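The values are calculated or read from the model by the stated rules, or taken from the named source; none is laboratory data. From a predicted model like this one, the values you see are computed outputs, not experimental measurements. Note that we place each Cβ from the backbone using ideal geometry, even for glycine, and neighbour counts take in every protein chain shown.
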């Protein structure tokens, strides 16, 4: 059965390009031209993924994300033209999963869509089984707090464990700095903790054998946060 993708954008040429490109990849595409229609279509069609323009004529894309997240955990990819970094962060904090800049490459968009559908289970489930993730010689046993790198057990500090589990449990999804800080520490910590986060991330990368310049596991999304890309 084809997966259903809802595209919400007020530009007819964008909707046409999305429909043609995603239909070629085997997806059923539903379109809406504003936020209210998008919310109604999401409720009626129950799509497997939503592509959502950040700038809509009636509702702000961030508000659409907030409303969707009150009743749905469907993956949401933002389509951002001239949206500010602050707006992107706000949308990700509200519950969006990823973003793609306009003008976008259809190949990149199809890859992002496929990754999120795969992780959400729309195409047969996640890599994680019983709290266990395996990727490129790294085995992460989330349930038992064990990390193996090339068959060698690596010990992590409690903060490093919380950081690793926060990132690895949501693969291919951007997590903002604030989301990671709240998950690793608590909601009383804010921007002042960002430097500490960088330090702990550096040591975690070293233990994973990951290179920030050519990452295999943790990608820094400049100005936004981090994405776990291990596969």
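Which condition number does residue 202 fail, the rest of (1) under 14 Å from the mean Cα position of the chain (by Cα); (2) without any contact (Cβ under 8 Å) to a residue 12 or more places away in the chain being met?
(1)
Name, by its number, the condition in (1) part of a strand (DSSP E or B); (2) closer than 26 Å to residue 80 by Cα; (3) in contact (Cβ under 8 Å) with a residue 40 or more places away in the chain that does not hold for residue 147.
Status for residue 147: all satisfied but (2).
If I filter the range 1-17 down to residues being free of Cβ contacts under 8 Å to residues at least 60 places away in the same chain and part of a helix (DSSP H, G or I), which single residue comes out as surrounded by the fewest Cβ atoms within 10 Å (Cβ to Cβ)?
For the range 1-17, the residue satisfying everything is 13.
Restricting attention to the range 36-55, report how many residues are crowded, with 17+ Cβ neighbours inside 10 Å and either touching a strand residue (DSSP E or B) at 6+ places or on another chain (Cβ under 7 Å) or part of a strand (DSSP E or B) (or both).
Of the residues in the range 36-55, 11 are crowded, with 17+ Cβ neighbours inside 10 Å and either touching a strand residue (DSSP E or B) at 6+ places or on another chain (Cβ under 7 Å) or part of a strand (DSSP E or B) (or both).
Considering (1) closer than 21 Å to residue 229 by Cα; (2) assigned to a helix (DSSP H, G or I), say which one residue 73 fails and leave the rest.
The one condition residue 73 does not meet is (2).
Restricted to the range 112-139, and to residues that are modelled with pLDDT of 90 or more and not assigned by TED's automatic domain parsing to the domain that holds residue 96, which residue is surrounded by the most Cβ atoms within 10 Å (Cβ to Cβ)?
Restricting to residues being modelled with pLDDT of 90 or more and not assigned by TED's automatic domain parsing to the domain that holds residue 96, the top hit is 138.
Taking into account only those residues within the range 95-111 that are outside any loop (DSSP other than H, G, I, E, B) and touching a strand residue (DSSP E or B) at 6+ places or on another chain (Cβ under 9 Å), which is surrounded by the most Cβ atoms within 10 Å (Cβ to Cβ)?
Top of the filtered list is 99.
Quick grid of which residues meet (1) touching a helix residue (DSSP H, G or I) at 6+ places or on another chain (Cβ under 6 Å); (2) surrounded by 16 or more Cβ atoms within 10 Å (Cβ to Cβ):
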position	(1), (2)
162	yes, yes
168	no, yes
172	yes, yes
175	no, yes
179	no, yes
201	no, yes
213	no, no
221	no, yes
